[in-house]
């Protein structure tokens, strides 16, 4: 059974947009330090516990997966899967088991051997079967179909499944699917993590610096090329871009370059190399369905109807963003629904004036109007990509007599508040670590998922999640996925505003980085990066 994703010819344009043309790289030079800013304070270094690429970017290089996506291919797909800690994998005859042959001779950063027991320990931890517990477990439900993990000696392990799941390989390849050691506690992995990856953590000072150093005993003998990666924490994007232009940084934080910033960089430093394109991150409205008056479905529908998606696209991205449902639109995305289906969903009619008239009629029935406004705090994460969109959302809510007050929160506070559902209305960004319906649906909309921030729950729809997950016919599965996505949008589960695009810039002496177009989470092992010197 193969992973049910395809590299489509129509995706070539999006991939080209994200991967700038350049001459063939010369032979790699080992040594040197890469300087790249970090956009904010990660809550921890534990990729199993966090839900932001503020953690993946700096810390993915500490770890390895069983399998991963090739780091030099822009579109993640079954064609770009490759072994990492596993050397091979085979499906059982009933497609209800998956066996990995494991690489021998791999050492953890502290010198202890990697074995099949570590794989079992990792998935026991994720599935909450271990004695130690993860403080946060945002992707636990993604692995519900795994019934048991059975080592066969030190170098083979079998995952036993409850049902066939063609997309399981994609889950293993996610940047969030790192293997942890049995002998390290979850608490240790947050601040002094141990991995098998190409880099080791040398320094992690909140508000100051993250520094990685080369793992001298990495199992891939000629990697990494770099001696170190230094990431000063710079929360001002404008300051960071000026530092890049002044050659104080070799590379920007991935995907943080907006169209206006890209224009400025190319004007001031035309020799800089920049990639720009999709990233499988969407802006969305989250509403706490448990807090009055937002427990009323009518007011949630009115909020969805007042959103002018095109205004968001034009103001924030100068037209360089896509309108879609839960799944990333084509050509970069494989599962996004056709345009004619989008127009049938609540709030997607391009006639914004008509949508808002419907919304105001709903609000009047609820007792609101020009003389009776609803005041609410609009919570968001305190970084530009969140704040800027939240300001526009507040402006749109005024059209239906909802007066929003911006409530920005630092990253650790933001994710803690979301996990506890301690908010009323929020502007959120959802990054999908995979371009696959299983990850998008189970992680963000399953009834008991930690990342189901609006607490939407439909047991009947969740049965459809399972049905599409088992379907091996790609075209049939797409139609099932689109029907599910339509219902999510019409139920105002988590209204998707737009699918973002972003850029990364680096100096010509930096080689070996590829910006991925359908995931912002899987391309930061950094073992292939090198600096010409």
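The values are calculated or read from the model by the stated rules, or taken from the named source; none is laboratory data. This is a predicted model, so every value here is computed, not measured. Note that we place each Cβ from the backbone using ideal geometry, even for glycine, and neighbour counts take in every protein chain shown.
Residue 258 meets all of the listed conditions (1) under 22 Å from the mean Cα position of the chain (by Cα); (2) surrounded by fewer than 20 Cβ atoms within 10 Å (Cβ to Cβ); (3) farther than 16 Å from residue 40 by Cα but one, namely (2). If you filter the range 482-533 down to residues that are without any contact (Cβ under 8 Å) to a residue 40 or more places away in the chain and assigned to a helix (DSSP H, G or I), you find that the one that is farthest from residue 315 (Cα to Cα) is 483. Is it the case that some residue within the range 459-481 is within 22 Å of the chain's Cα centre (by Cα), surrounded by fewer than 24 Cβ atoms within 10 Å (Cβ to Cβ) and assigned to a loop (DSSP other than H, G, I, E, B)? Within the range 459-481, not a single residue is within 22 Å of the chain's Cα centre (by Cα), surrounded by fewer than 24 Cβ atoms within 10 Å (Cβ to Cβ) and assigned to a loop (DSSP other than H, G, I, E, B). Scanning the range 369-381 for residues that are in contact with a strand residue (DSSP E or B) (Cβ under 6 Å, 6 or more places away or on another chain) and not in a strand (DSSP E or B) yields one hit, 373.
Just checking, how many residues over the range 291-321 are in contact with a helix residue (DSSP H, G or I) (Cβ under 9 Å, 6 or more places away or on another chain) and farther than 16 Å from residue 488 by Cα?
Initial filter on the range 291-321 (in contact with a helix residue (DSSP H, G or I) (Cβ under 9 Å, 6 or more places away or on another chain)): 293-294, 298-299, 301-312, 315-321.
Of the ones still in play, those that are also farther than 16 Å from residue 488 by Cα are 293-294, 299, 306-312, 315-321.
Adding up the residues that qualify gives 17.
The residue list 365, 343 contains one member that is in contact (Cβ under 8 Å) with a residue 12 or more places away in the chain and surrounded by fewer than 21 Cβ atoms within 10 Å (Cβ to Cβ), which is 365.
Could you list, in sequence order, all residues of the range 58-72 that are in contact with a strand residue (DSSP E or B) (Cβ under 7 Å, 6 or more places away or on another chain), touching a residue at least 60 places away in the same chain (Cβ under 8 Å) and assigned to a loop (DSSP other than H, G, I, E, B)?
Taking the range 58-72 first, the residues in contact with a strand residue (DSSP E or B) (Cβ under 7 Å, 6 or more places away or on another chain) are 58, 61-62, 66-70.
Going one step further and asking which of them are touching a residue at least 60 places away in the same chain (Cβ under 8 Å), we end up with 58, 61-62, 66-69.
Scanning the range 58-72 gives a single hit, 66.
For residue 359, the conditions (1) assigned to a loop (DSSP other than H, G, I, E, B); (2) farther than 28 Å from residue 75 by Cβ; (3) touching a helix residue (DSSP H, G or I) at 6+ places or on another chain (Cβ under 8 Å) are fulfilled apart from (1). The residues listed here are 157, 150; of these, the one that is under 29 Å from residue 469 (Cβ atoms), surrounded by fewer than 16 Cβ atoms within 10 Å (Cβ to Cβ) and more than 25 Å from the chain's Cα centre (by Cα) is 150.
Considering 357, 322, 340, the condition of being in contact with a strand residue (DSSP E or B) (Cβ under 9 Å, 6 or more places away or on another chain) and either closer than 30 Å to residue 475 by Cβ or modelled with pLDDT of 95 or more (or both) is satisfied by 322 alone. Could you tell me whether any residue of the range 117-130 is at pLDDT 95 or above, in contact with a helix residue (DSSP H, G or I) (Cβ under 7 Å, 6 or more places away or on another chain), surrounded by fewer than 16 Cβ atoms within 10 Å (Cβ to Cβ) and on the phi > 0 side of the Ramachandran plot? Checking the range 117-130: at least one residue is at pLDDT 95 or above, in contact with a helix residue (DSSP H, G or I) (Cβ under 7 Å, 6 or more places away or on another chain), surrounded by fewer than 16 Cβ atoms within 10 Å (Cβ to Cβ) and on the phi > 0 side of the Ramachandran plot. Checking each residue in the range 16-57 for being modelled with pLDDT under 80, within 19 Å of residue 520 (Cβ to Cβ) and touching a strand residue (DSSP E or B) at 6+ places or on another chain (Cβ under 7 Å) picks out 17, 18, 19, 20.
Yes/no per residue for (1) within 17 Å of residue 68 (Cβ to Cβ); (2) assigned to a strand (DSSP E or B); (3) without any contact (Cβ under 8 Å) to a residue 24 or more places away in the chain; (4) under 26 Å from the mean Cα position of the chain (by Cα):
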{"residue": "90", "(1), (2), (3), (4)": "no, yes, yes, no"}
{"residue": "99", "(1), (2), (3), (4)": "no, yes, no, no"}
{"residue": "120", "(1), (2), (3), (4)": "no, no, no, yes"}
{"residue": "124", "(1), (2), (3), (4)": "no, no, no, yes"}
{"residue": "134", "(1), (2), (3), (4)": "no, no, no, yes"}
{"residue": "165", "(1), (2), (3), (4)": "no, no, no, yes"}
{"residue": "177", "(1), (2), (3), (4)": "yes, no, no, yes"}
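Within the bounds of the range 267-278, is there any residue that is part of a helix (DSSP H, G or I), modelled with pLDDT of 95 or more and surrounded by fewer than 17 Cβ atoms within 10 Å (Cβ to Cβ)? Please lay out each step first, then the result.
Narrowing the range 267-278 to residues part of a helix (DSSP H, G or I): 267-268.
Still in the running and modelled with pLDDT of 95 or more: 267-268.
Retained after the next criterion (residues that are surrounded by fewer than 17 Cβ atoms within 10 Å (Cβ to Cβ)): 267-268.
Yes - at least one qualifying residue is present in the range 267-278.
Scanning the range 222-242 turns up no residue that is in contact (Cβ under 8 Å) with a residue 40 or more places away in the chain, in a loop (DSSP other than H, G, I, E, B), within 23 Å of the chain's Cα centre (by Cα) and closer than 15 Å to residue 503 by Cβ. Of the residues screened, residue 102 is not one that is within 30 Å of residue 429 (Cα to Cα) and either touching a helix residue (DSSP H, G or I) at 6+ places or on another chain (Cβ under 8 Å) or at pLDDT 95 or above (or both). Is it the case, given these coordinates, that residue 400 is in contact (Cβ under 8 Å) with a residue 12 or more places away in the chain and touching a strand residue (DSSP E or B) at 6+ places or on another chain (Cβ under 6 Å)? Considered against the rule, which asks whether it is in contact (Cβ under 8 Å) with a residue 12 or more places away in the chain and touching a strand residue (DSSP E or B) at 6+ places or on another chain (Cβ under 6 Å), residue 400 comes out as no.
Matching residues to (1) surrounded by fewer than 23 Cβ atoms within 10 Å (Cβ to Cβ); (2) within 26 Å of residue 524 (Cβ to Cβ):
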| position | (1), (2) |
| --- | --- |
| 377 | yes, no |
| 381 | no, yes |
| 395 | yes, no |
| 400 | no, no |
| 411 | yes, yes |
| 424 | yes, no |
| 429 | yes, yes |
| 436 | no, yes |
